[in-house]
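Student: Pasting in a structure now, in C-alpha cells, and then I'll have a few things to ask.
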Amino acid sequence: MQTWGEQMPKVMKKAPRKKTKSKKGKKRPIGIYLLIGIVCVGLVYWLSTAPQNRSERDVTEFADKDQDRVPNTTPKTKTKEKSAAKSTIAKKGDAPKTTESVKAAPVAESVAGLDDAITSAIKKLGIPEESYRRKERDKQITYNIPLNRRSLDLTFANIIIKGEVEKLKGRMVSGIEKENRQTLTFEQDKNPKKYVVELFYDSKAYTNKVPDKVMAIVIDDFGYIDGKLLDGFMNVDPAVNFAIFPNEKNSIETMQMAHNMGRETLIHVPMEPLNYPNVNPGKDPILVTMKEHEIDNQMEKFIEDMYLCKGINNHMGSLATTDEGIMQAVMISLKKNKLYFLDSKTSNVSIAYNVAQKSHITAFRNDIFLDTPNLKDATMDAKLQQCLEMASRRSQIVAIMHCHSAEHLAYLQKFIVRAKAAGFKLVPLSALGNYNVPSIN
C-alpha cells in the first residue's frame, strides 16, 4: 500500500508542467492517472478482503508477480518464511504425500500390534516356534496353534491370548468351541485386518519333551487336630500342603508349626453347600445370600488371622462355587492380597476355577480325592492308577485327602511311597506354576 501512495504524488507534480506546453492535453493526463490509481487501489483492496474466493495457488502466483514490482520492506526472516510457505503450497505433490504418510502410520502400527500380541501369548504358553503356523489371505490373518494336552488346556490358552490382545486395545468378537478346538476372532480399531486364532490339541510338536510327573497333595481340615496325630502329619514329606480351617482352636498353632518346617499352607474357607443349613459347612461360611462387602470383610478377617497362608481352597461349597457373583467377590479379595485359589471341586458344575482365571489370579483345581470312598488298599490301587492315567495326558496333578484320623495318616504315608515309586515328584501347590504354566498378567 505504501508503494502506491508514494508514486501518486510524483505523477501529480509533473502534470502542471505538461499543461503549460499543450492546451489540448489540459485535463486528459490527470484523469487517466486518477483512473489508474483508483483501479490499482481497488484491486489491492479486493485482494486483501476477498482471498477466500481464490485458490491458494492463485494467491501465491499473484503475490510472486507483485513482489517483483514492490520494493522489499519486510525483514529477511519473514521473506524466508513466506518463501517456504509458497513452496509448500505451490508444489502439488508435497501435500498429498504428507497426508498419505500421516494416515498410513497408525494402520501399520495396528497390524503389527495384534501380531505382536499373539506371538507374545504364544511365547508365554511355551509353544515351540516351529509348531504354530501363520497364514495371511485378503484381510484375514490366521494362526494355527497346537497345545500339549499334558500341560495346557484350551480355556487357559484362550485367557492368555485374549489378555495379550486386550493390552494392545484389541477385542475378541467371537469365540467358538467344538470337538477339542477353539476358534477365536479378534479385531482392532483402525485395523482393516481380522485375526483368527485356532487352538487345538496336538502333542506331536512336544514328543521330544518328556515332562516330569508332578503332583501336589493337599491335606484338608486342619485346625481341629493336635497332639501325636498333628505331629505325625507334620513329619510327612515337606512338599505336602496343609489346608487349615480359620477360627478353630489349633488353627494358628498349626499354621505356625507348618511354616517353621517350610511347609506351604492354605486357608480352608467354609462355603455354602447344597441343603444348607441341614448340611453344616462350619464357622463363618461364605453364603450365597451375602453382599459383596460382607464377603470382602469375611475374607479379610480370614486372611488377617491366617497371615502365613499363600492361598485358599473351599470347604464344601457345592452351592457357593456355582454362583458367579459370589465367586467374583471372593476373587477380588484374593487378588487384592495376592493369594492363589484352589477349587476343591466339591461340585461337578463348579465355576470357581474359571472365575479365578478370568479374574487374573493364580488358580488350580483338584483332580482327585485320594481317600474316598474309603481307606482300603483297593481304593489306593484305583487312585494311583487314575493318577497314572491322568499323567499320560498332562504333567501336573492336584490331589486332596483329609487328616481326620491315624488311619488317614497311615494311608497318606503309604500312598506317598507308592507315588514316588511310580515316578511322581511331590511339590508345594504354588510350585506348580514353575512347570510350564504361564502367569496371567
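The values are calculated or read from the model by the stated rules, or taken from the named source; none is laboratory data. Predicted model only: the values in this text are computed from it and were never measured. Neighbour counts run over all protein chains shown; Cβ positions are idealised from the backbone, glycine included.
Student: Residues of the range 315-366 being among the basic types (Lys, Arg), surrounded by fewer than 20 Cβ atoms within 10 Å (Cβ to Cβ) and part of a loop (DSSP other than H, G, I, E, B), which ones? Quick ask: steps written out before the conclusion?
Tutor: So the first thing to find is which residues in the range 315-366 are among the basic types (Lys, Arg), and the list is 335-336, 338, 345, 358, 365.
Of the ones still in play, those that are also surrounded by fewer than 20 Cβ atoms within 10 Å (Cβ to Cβ) are 335-336, 338, 358, 365.
The one that is among the basic types (Lys, Arg), surrounded by fewer than 20 Cβ atoms within 10 Å (Cβ to Cβ) and part of a loop (DSSP other than H, G, I, E, B): Lys338.
Student: Output the number of residues of the range 200-254 satisfying the condition of being at pLDDT 95 or above and assigned to a helix (DSSP H, G or I).
Tutor: Selection size over the range 200-254: 12.
Student: Quick check on the range 323-382: of everything there that is without any contact (Cβ under 8 Å) to a residue 24 or more places away in the chain and within 21 Å of the chain's Cα centre (by Cα), which residue is farthest from His402 (Cα to Cα)?
Tutor: Lys336
Student: Within the range 277-302, take every residue that is β-branched (Val, Ile, Thr) and more than 14 Å from Lys336 (Cα to Cα) and give me the one that is farthest from the chain's Cα centre (by Cα). First the steps, then the outcome.
Tutor: Going residue by residue through the range 277-302, those that are β-branched (Val, Ile, Thr) are 279, 286, 288-289, 295.
Narrowing the set further to residues that are more than 14 Å from Lys336 (Cα to Cα) leaves 279, 286, 288-289.
Numbers: Val279: 41, Ile286: 30, Val288: 30, Thr289: 32 Å.
Going through the qualifying residues, I end up with Val279.
Student: Could you please give the count of residues in the range 287-314 that are surrounded by 14 or more Cβ atoms within 10 Å (Cβ to Cβ) and among the charged types (D, E, K, R)?
Tutor: Total satisfying the criteria: 4.
Student: Going by what's in this entry, would Pro192 be described as assigned to a loop (DSSP other than H, G, I, E, B) and within 30 Å of the chain's Cα centre (by Cα)?
Tutor: yes
Student: Pairs under 7 Å by beta carbon, first residue within 19 Å of Gln357 (Cα to Cα) in the range 163-177, partner basic (Lys, Arg) and surrounded by 14 or more Cβ atoms within 10 Å (Cβ to Cβ), six or more apart or different chains?
Tutor: Here the result reads Met172/Lys162, each pair linking the range 163-177 to a residue that is basic (Lys, Arg) and surrounded by 14 or more Cβ atoms within 10 Å (Cβ to Cβ).
Student: Still on this structure: Give the number of residues within the range 270-314 that are in a strand (DSSP E or B) and in contact with a Leu (Cβ under 9 Å, 6 or more places away or on another chain). Walk me through it before giving the result.
Tutor: If we filter the range 270-314 for residues that are in a strand (DSSP E or B), which is where we start, we get 270-271, 286, 311-314.
From what's left, in contact with a Leu (Cβ under 9 Å, 6 or more places away or on another chain): 271, 311-314.
Matching residues across the range 270-314 total 5.
Student: With Val165, Val173, Val197 as the choices, which residue is under 17 Å from Lys124 (Cα atoms), in a strand (DSSP E or B) and not assigned by TED's automatic domain parsing to the domain that holds His360?
Tutor: Numbers: Val165 fails: in a strand (DSSP E or B); Val173 fails: under 17 Å from Lys124 (Cα atoms).
Of the residues listed, the single one that is under 17 Å from Lys124 (Cα atoms), in a strand (DSSP E or B) and not assigned by TED's automatic domain parsing to the domain that holds His360 is Val197.
Student: Now, a different point. Which members of the range 132-162 meet the condition of being at pLDDT below 90, surrounded by 15 or more Cβ atoms within 10 Å (Cβ to Cβ) and more than 18 Å from Arg394 (Cβ to Cβ)?
Tutor: None - no residue of the range 132-162 is at pLDDT below 90, surrounded by 15 or more Cβ atoms within 10 Å (Cβ to Cβ) and more than 18 Å from Arg394 (Cβ to Cβ), so the list stays empty.
Student: Out of (1) out of contact with any helix residue (DSSP H, G or I) (no Cβ under 9 Å at 6 or more places or on another chain); (2) of a type outside the set (Lys, Arg); (3) more than 19 Å from Ile159 (Cα to Cα), the odd one out for Gly223 is which?
Tutor: In the conditions (1) out of contact with any helix residue (DSSP H, G or I) (no Cβ under 9 Å at 6 or more places or on another chain); (2) of a type outside the set (Lys, Arg); (3) more than 19 Å from Ile159 (Cα to Cα), Gly223 misses (1) alone.
Student: Limited to the range 248-279, what total is found for residues that are over 21 Å from Asn366 (Cβ atoms) and of a type in the set (D, E, K, R)?
Tutor: Adding up the residues that qualify gives 3.
Student: Let me ask something else. Return the residues of the range 372-428 that are part of a helix (DSSP H, G or I), polar (S, T, N, Q) and under 23 Å from Ile225 (Cβ atoms); say none if nothing qualifies.
Tutor: Thr379, Gln413
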